[in-house]
2 protein chains.
Amino acid sequence: MNTPVSTSPDRTPRTNARSLQTREALLGAALEVFGRDGFHAASTRAIAEAAGVNQALIAYHFGSKEGLYLAVFEAITQTMNELIGPTHARIEADIDSLDGASPAGRRACLEYLDELIGGAIAMFSQPQALGWTRMVMREQQDPSDAFEIFYGGIYSEMLQSFTRLVAKLTGQSPDDESSRIQALNVMGQLMGFMVARATAMRHLGWQQVGASELSAVRREIRAGLYQRFGEEVPA
Amino acid sequence: MNTPVSTSPDRTPRTNARSLQTREALLGAALEVFGRDGFHAASTRAIAEAAGVNQALIAYHFGSKEGLYLAVFEAITQTMNELIGPTHARIEADIDSLDGASPAGRRACLEYLDELIGGAIAMFSQPQALGWTRMVMREQQDPSDAFEIFYGGIYSEMLQSFTRLVAKLTGQSPDDESSRIQALNVMGQLMGFMVARATAMRHLGWQQVGASELSAVRREIRAGLYQRFGEEVPA
DNA sequence: GTCTATAGTCGGATAGAC
DNA sequence: GTCTATCCGACTATAGAC
């Protein structure tokens, strides 16, 4: 699990439509089964069955069970880039110009924090979000090569943006441990609802943690930030 | 996994010292192995080996692999009761008398919130915390009977206390969804560091998420709460 | 109470036909 | 590219000796 493995052997000429279809089906099924059962407990037979393809094709297309696992993380990272990349780039380009001392600058910081939360919610509102969350969460506990794929994507840059925005608001340096902890605390509030799903559903009487529920969470996080950093919440 | 199973068959007269020793060793090893590998991937062989006992003794003492799994959750819940129960009871008994409109009452609410966070940190600072977190986290995603054991303990009562304290501070009803979300957000900030371990360690350059690191997190959560709810942070 | 031994099942990977 | 068939290792649970 921790020795590097080529993610896609690429014995396959991607021109073949059937081949692409098989790969996509396997990636989708792998997300679901790996997310549900974890790497070890997930069986290639179960994945193949869910994908509606032959079990031997996993080895053919992805080299091994692990190759498929890593390929799923590459797909996750790619989607995250597509969903959050543009918003993140726009915000990142503007942070330096913000004045953390003026009310207008502070409101801009708060709006950007809220936008980043919104980007994360866009991610969590995808139909695959449940599988993503589960797979990433497992990697958080026992990081393998897959965590590097994930963390090496836009995720770590997003945390940097959170940190810089929080630092503007507190007047601290973004290099301070304090700023970094506070940045994680902003994201942590949202992630808690994905990660402690069962608790959230019980405590709130929810039947699911979907887009509308996460929007309610976003409103609370947003209100809390405005209240904390002393600006009036805009209508 | 979802059909009720007796947790301890109790064929064993607990008078026998050796038997108790075996049970404890199995519970400790099970925590570690179930936490690391998850229920399915964990093998009774690995658990027995880690415990230094014979594999067949799992069936003898706990009926089955699942019986052992449930017994671990009972142990977790019991420890949580012992560590947090007294603090929680003291706070719960006092909440009603607090005045959310007066500065003194608000400071008391904030201190109580901080104390509950401290209780959670006491829990997370135990040597078994890593295993606990992992097992509970998995249950959050796919609740089995084990989640009921956990949620039926002091945990849900703690969330109620959080909710009531937050409601006092905001002036809302503790029954409002808003209050409940905010309560989860307070806990979520701390839990994020246990659950997104790898991210926290990377973003902060930490080598571990231990007692001292969690204390730093507690300080930030506390400061954030005071700042948000408009009281001066006491020295 | 604890042990050895094993029955019965299921896992990942691969060889080779098409 | 896809399939069938199979090797071989690992698993849970249990029977039965001590």
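Site pair B:Glu148 and A:Gln21 shows an inter-label distance of 4.5 nm when each label is modelled 7 Å from Cα along Cα→Cβ. Gaussian network model of chain B, Cα springs within a sub-10 Å range: biggest mean-square fluctuation belongs to which of B:Leu27, B:Leu184, B:Leu130? Looking only at B:Leu27, B:Leu184, B:Leu130, the biggest GNM fluctuation is shown by B:Leu184. Which log10 I(q)/I(0) values does segment A:71-228 give at q = 0.08, 0.10, 0.13 Å⁻¹ under the Debye formula, counting every alpha carbon as one identical point scatterer? Reported log10 I(q)/I(0), two decimals: -0.23, -0.37, -0.62.
Each residue of segment B:56-73 was assigned a 3J(HN,Hα) from its phi angle through the Karplus expression (A = 6.51, B = -1.76, C = 1.60, θ = phi - 60°), giving 5, 6, 5, 5, 5, 7, 10, x, 6, 4, 5, x, 5, 4, 5, 5, 4, 5 Hz with x at Gly and Pro.
Can you give the Kirkwood hydrodynamic radius for segment A:11-63, in Å, rounded to one decimal and based on Cα pairs? The answer is 11.1 Å.
From least to most packed, judged by other beta carbons within 10 angstrom and beginning with the fewest, A:Val166, B:Val53 follow the order B:Val53, A:Val166. Of the candidates B:Asn54, B:Asn16, B:Asn81, which one comes out as most mobile in a Gaussian network treatment of chain B with C-alpha springs shorter than 10 Å? Among B:Asn54, B:Asn16, B:Asn81, the largest mean-square fluctuation in the Gaussian network model of chain B belongs to B:Asn16. Other residues lying with their Cβ under 13 Å from the Cβ of B:Met80 contribute a combined charge of -3, Lys and Arg counting +1, Asp and Glu -1.
Working note: Karplus 6.51/-1.76/1.60 with θ = phi - 60° gives segment B:175-180 the couplings 8, 5, 4, 4, 4, 5 Hz, where Gly and Pro are set to x. Mean projected area of the convex hull spanned by the Cα atoms of segment B:31-92, taken over all viewing directions: 5.0 nm².
Starting from the label point of A:Glu82 at 7 Å along Cα→Cβ, the same points in the other copies fall at 5.2 nm, in ascending order. Find every distance from the label point of A:Val233 to the corresponding label point in the other copies (7 Å from Cα along Cα→Cβ) and write them in nm, one decimal, shortest first. Here the equivalent label points are 2.3 nm apart from this one. For segment A:97-113, putting each phi into the Karplus relation 6.51 cos²θ - 1.76 cosθ + 1.60 with θ = phi - 60° gives couplings of 7, 7, 9, x, 9, 8, x, 5, x, 5, 5, 4, 4, 5, 5, 5, 4 Hz, in residue order, rounded to whole numbers and with x for Gly and Pro.
When A:Ser102, B:Ser64 are sorted by how many other C-beta atoms sit within 10 angstrom of their C-beta, beginning with the fewest, the order is A:Ser102, B:Ser64. Summing +1 for each Lys or Arg and -1 for each Asp or Glu among the other residues whose beta-carbon sits under 11 angstrom from that of B:Arg180 gives -2. Over all pairs of different C-alpha atoms in the protein assembly as shown, the reciprocal of the mean inverse distance, the Kirkwood hydrodynamic radius, equals 23.8 Å. Considering only A:Gly205, A:Gly85, A:Gly153, the Gaussian network model of chain A with Cα springs below 10 Å gives its largest mean-square fluctuation to A:Gly205. By the count of neighbouring beta-carbon atoms within 10 Å, fewest first, A:Glu74, B:Glu139 end up ordered A:Glu74, B:Glu139. The B:Arg202 and A:Gln126 beta-carbon pair, evaluated with R₀ = 35 Å, returns a calculated FRET efficiency of approximately 0.90. Other residues within the sphere of radius under 13 Å centred on the Cβ of B:Phe229, judged by their own Cβ, net out at +2 (K and R +1, D and E -1). Listed by chain and number, the lysines whose C-alpha is less than 19 Å from the C-alpha of B:Lys65, apart from same-chain residues fewer than 8 away, amount to an empty set. Dimensions of segment A:73-160 based on its C-alpha atoms, expressed as ranges along the principal axes with the largest first, amount to 43, 24, 20 Å.
Roughly speaking, what is the centre-to-centre gap between segment A:18-53 and segment B:165-229 when only Cα atoms are used, to the nearest Å? So the separation of the two Cα centres works out to 36 Å. A:Ala41 label point (Cα plus 7 Å toward Cβ) to equivalent points in the other copies: 1.0 nm, shortest first.
Just so you know, all these numbers are worked out from the coordinates, no wet-lab data involved. A quick note: this is a predicted structure, and the numbers were derived from the prediction, not measured. Positions of Cβ are backbone-derived with ideal geometry, glycine not excepted, and every protein chain shown enters the neighbour counts.
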